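Questions regarding the structure given below will be posed in turn.
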Amino acid sequence: EREVGRRFGGFCVSEGMKRFLREEMDVNVEVLHDRPPSHFKPTGLIEKHELFKRLNLSSKFSKNLTSDQTLFTETINGVIKERKGRPRLIMSSTSWTPDEDFSILLKALEEIDGEIGREVLCIVTGKGPEKEYYVNKIKEMDLKEIDIMTVWLEASDYPILVGSADLGVCLHTSTSGIDLPMKVVDMFGGGVPVAAVGFECLDELVVDGKNGRVFKDWKELKGILKELLGKEGEGELERLRKGVGKGLRWEENWDNIALPVINECLEKCKEKKAREEDSTGWYVLALGVAITIYQNSYMWGASALMFWYALEKFQERSRAARAMLWLLMLLVGSVGFWNFYSQERAS
């Protein structure tokens, strides 16, 4: 990686990683931050209604719903609207591995239960080795205002759920400290502010107080959830949502950052190839000249082929360079013809 990086460069996902590669490996790369693809976007009421109809979640908050209602939406006179008194929706995704300490979220939710003044549904997506352990812990929790559900979604439903959330929670702690969680990128694509556990370069993605909140333990997360999920937190959630903004999408990010670097690399490769072909052309031309001048007339045909090959190698050069080559070929051809004529007369 060091040798290839030094020769060809490349891309990395954070400024922290760029510094590490430069200082530790003497490799210069460009930063290409992850950006959400275009299908991650804020979810409209119709999509949200259809999603939760399909999911048919067995939440403890679903008991009194009618056939025209979901947990978050309802149909009134054929028009889909947000359901009054709907729960707040927290969303998190995880691979259920040791680098995500989910007990932080569970402890924070347990501590704020009964203090929010409204229902809160926390949906966690994903599969992984520690899922069963945490599912058992969730079953043991005696929560009143809060319900925690683990679901596995179709790929097409995941962006819709993300864009439906009021708040995203990220518990990813980078092993290296220099990569950034893709789940936060997806949440920002859905226009959702994020509460994320802090580490070295997270501020390249989550700016505390602008597009989300950063915490270091369950106590800080408890304070954030209590502030944002209560009725008084609606204004602050909206402010953070505006801080998320639209942002660049992956396609735009690629065109603005990656494509110019790749084009520059291709241009350098093209120039290198042209220089190599120039060298070959000059070698063959010199050989043709030597054959024409110093060999007998029967070698003139071979030298002519060499001239033609040299001209082919110079085909991408400027018009002036090709004209000079034609003149040189004419001069050398004349010498060859004169040698042939002289040898014929002598015989």
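Around Thr150, which amide H atoms from residues at least 5 apart in sequence, or from another chain, sit under 5 Å from its own amide H, with H modelled in the peptide plane?
When sequence neighbours closer than 5 places are left aside, the close amide H contacts are Val124.
If you don't mind, there's one more thing I want to ask. How much net charge surrounds Cys170 when only other residues with a Cβ under 11 Å from its Cβ are counted (Lys, Arg +1; Asp, Glu -1)?
Its environment carries a net charge of 0.
By average Cβ neighbour count within 10 Å, what is the ranking of 151-164, 184-197 from highest down?
Ranking, from highest mean packing down: 184-197, 151-164.
Cβ neighbours within 10 Å, averaged per peptide: list 97-103, 87-93 in order, most packed at the top.
Final packing ranking: 87-93, 97-103.
In debye, nearest 20: dipole of the range 1-126 around its Cα centre with unit charges on the Cβ of K, R (+) and D, E (-)?
About 660 debye.
By per-residue mean of other Cβ atoms within 10 Å, what is the highest-first order of 41-51, 244-254?
Sorting 41-51, 244-254 by mean packing, highest first, produces 41-51, 244-254.
Among Lys48/Lys231; Lys53/Lys216; Lys63/Lys242; Lys183/Lys210; Lys18/Lys107; Lys60/Lys219, which pairs are too far apart, with a Cα-Cα distance over 28 Å?
Too far apart for the 28 Å limit: Lys53/Lys216; Lys63/Lys242; Lys18/Lys107.
Relative contact order of the range 71-164, please, whole-number percent, based on alpha carbon pairs below 8 angstrom and at least 6 residues apart.
The normalised contact order for the range 71-164 reaches 29 percent.
Considering amide H positions built from the backbone, and no H for Pro or chain starts, which residues 5 or more places from Thr73, or on another chain, come under 5 Å of its amide H?
Close amide H contacts, sequence-distant or interchain: Arg83.
Each reported figure results from applying straightforward, stated rules to the coordinates on display, with no laboratory input. On a predicted model such as this, the values are computed, not experimentally measured, just so you know. Every residue, glycine as well, gets a Cβ built from its backbone with ideal geometry; the counts of neighbours run over all protein chains shown.
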